[in-house]
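Comments concern the structure below.
Just so you know, all these numbers are worked out from the coordinates, no wet-lab data involved. Computed from a predicted model, the values in this text were never measured in an experiment. In this analysis, Cβ positions are derived from the backbone assuming ideal geometry, glycine residues included, and neighbour counts consider all displayed protein chains.
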Amino acid sequence: MFETLTQSFQLNRPRLVGDAWGGLAAMLVALPAAIAFGVTIFAPLGGSLAAHGALAGILGATALGLVAPAFGGSSRLITAPCAPAAAVLAALAVGFAQQGAPAETIILLLALIGLLAGGIQISLGLAGIGRLINYIPYPVVSGYLSGVGLIIIGSQIPKLLGAPTGTTLLATLGSPGLWAWQSIVVGAVVIITMLQVSRLTTVVPAAILALLAGVASYLLLGLTNPALLDTADNPLLVGALTSSEASLGDSISLHVQALRGLGLSVVLQVLVPALTLALLLSIDTLKTCVVIDALTSTHHDSNRTLVGQGLGNMAAALIGGIPGAGTMGASLINVSSGGTTRASGVMTGVFSLAAFLVLAPLIAWVPVAALAAILLVIGFRMIDRQSLNFFAAASTRVDFFVILAVVLVAVFGNLIAASGVGVALAMLLFIREQTKSTVIRNRIEGSEILMKRARSDAEREKLKQGSGDMVVFELQGSLFFGTANQLHTALEKEIGQRKYVVLSMRRVQSLDVTATHVLELIKDRLEENDAYLVFCDIPKDLPSGLKMKRFLKETGVVRPTSKAFAFRQLDEALDWVKLQTLAESPADPAAATALDLATMPAFAKCSPESIAALEGAMTLRTIKAGKRVFKAGTPGNELFIIRRGTVKLMLPIRKKESYHLATTGPGEMIGGRRFLDDSASAAHTADALALTEVEAYVLPYENFAALLDAHRGVAIAILKNLGGTLSNRLRVTISELQALRG
């Protein structure tokens, strides 16, 4: 992967400038937020740990920027410390502190959680879990983001008001005496700058200008009160970094040695929080990747992205940085500033490292209220305010309550529980929508289905009289417990009214045991009335991988000895029903009868001399059962007049599927497209399959051309028969389309 990154530098030099500007702009957006997130996590621990948190934010941005893009699967994604990580780790830090754990131990536990979370992300990527991001419903994502935003806002309000470290939101709001007016002034300046500066310029990111405005306003306040300019133990400032904290090498050595001394019991203690963090960071990253793909018409590799994120978070934990994810704001700034490759993400890490080396002494003068104000704006922007419109429309009101439920669980519970609740509610929404949609796509009466096989007048009359005994249902969608009652209600009406209930399963997407139980009940009721349940167009494999035909057999719905049968296609099922109606054996007696030319209705008005000439122009060919008479795509220079046997015409559709055009017997003509389309390129459009042994007269086009001059009457009879056949097939097709369209 490093080789690929190196090639991007060497082979795409013109893009390097754009990547550099994109990386710089992304760093300017991500770094202030990273510092703020670090302070948020470590400030509750007291002492000088707020400054340690600021340093952890910079180190996290550096490690994530250098490692995650190099191994990741998205070209423009910027990885940096993020709000979900801050929300989870800050809550854990407070919890560990309440349990009495020393600050040094808490820092080590947080690093271990970040390390384990990175390892879990790598495992998720290698296991191929990344693609599941496509199945997270929008209400869950919306509620999750809004919940994180509210958590960030709630945690930053006490800092904005200048309350002492560790004061809760409710205690702060209920005790105005704890507020520091200087913090409120600085926070107000930062918020106003964040909101207004983007209207004036986009050259410098608003967060940078807002942070500078906050520092400047604090220094101006310091001119009126010199005590504010003391960085030592000043609760309003981040504070100075010690030399050991400012040493990157010492930080790495310290964390590696400490992590090596941890035992399995400690790892198990923080495994669940690490899993929670890994899932949240993965969702946040992949969600950002989806947005970037939509904006740039690119495609990311979800699984490779997770591997890169995991490696980046592990690297951040090892050097004392806080974990993170692909961030929306910095990534969008990168895209708009010219970043086009993964090199732009690496540039973000490089510039973060430079900022660490150059700006570390200046961090002491950053007001805590300024960072809190930046996070307040970020948290407010994370809230999906558009989702409020969902409440106004009745069709989306339930979606609104899903979002609200996720938000409430996130705020009063935890983020991973909120995601679980959201997914569960989204599943209920899906079931609700499925139950609203009908599983009956179409209902076709037997009288609406025309014959595709030539019959005698007596047979046609008998089939017409028995057409009311059959009904065809085209099923669609998901046949499961949510739609089982709907299926039962539709089919139960036919019991006692029909002898043949045909179910076309071609558009069925899923099938469960409840639906098969309903089908079995219907089959038993039909059997009691000496009726049949007939399945056709059964998919070989459902999207779930279920073998439907085998499933129907194993659950007892289709058994060879019962009155339930399964056919490959609807036409085969209809042919079987018609044979049952005519009380015929599968071998059609008419097909075994041989007709000479003189006895065929097509040539009833032709003279014996013309028939004799026609017979002399043809050859008699025998085709065994199961063999092709001709194949689609081959030259249509020959006309076949069937003397004996049955031929099935099938129109190829795709792969091995085909459409049944017609079934022909003695006295009928097939093929001979060139007889109507006088061009050498005219080819057969269908396959002709001999169902029984077939004898057919074969008339070449050249011989037919000669008959046109000498025996025009027999030639006209052939053309008239071909035209009538095509007209009848068109009529049948139109009728079928009308029936299928309902």
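Values computed for the structure shown
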item: Relative contact order of the stretch 2-416, defined on C-alpha pairs under 8 angstrom at six or more residues apart (%); result: 40 percent
item: Cβ-derived FRET efficiency at R0 30 Å, HIS517 paired with GLU445, nearest 0.05; result: 0.60
item: Stretchable slack from VAL423 to LEU408, in nm (0.36 nm times residue separation minus alpha-carbon distance); result: 4.0 nm
item: Residue-by-residue Karplus 3J(HN,Hα) for the stretch 114-121, coefficients 6.51, -1.76, 1.60, Hz, glycine and proline x; result: x, 5, 5, 4, x, x, 5, 4
item: Exceeding the 30 Å Cα-Cα cut-off - candidates LYS499/LYS631; LYS493/LYS563; LYS553/LYS578; result: LYS499/LYS631
item: Length gained when the stretch LEU582-ALA354 is fully extended (0.36 nm per residue, less Cα-Cα span); result: 73.1 nm
item: Cβ-derived FRET efficiency at R0 30 Å, ALA393 paired with ASN485, nearest 0.05; result: 0.60
item: Ranking of ILE157, ILE283, ILE642 by count of other Cβ atoms within 10 Å, fewest first; result: ILE157, ILE283, ILE642
item: Amide proton proximity set for TYR532, modelled H, under 5 Å, gap of 5+; result: TYR500, VAL501
item: Sorted by Cβ density within 10 Å, fewest first, the residues THR622, THR193; result: THR622, THR193
item: Order of THR663, THR79 under a 10 Å beta carbon neighbour criterion, fewest first; result: THR663, THR79
item: Protection proxy ranking of 316-326, 491-501, 400-410 - average other beta-carbon atoms within 10 Å, highest first; result: 316-326, 400-410, 491-501
item: Percent RCO, i.e. relative contact order, over the stretch 591-741, from Cα pairs under 8 Å lying at least 6 residues apart; result: 31 percent
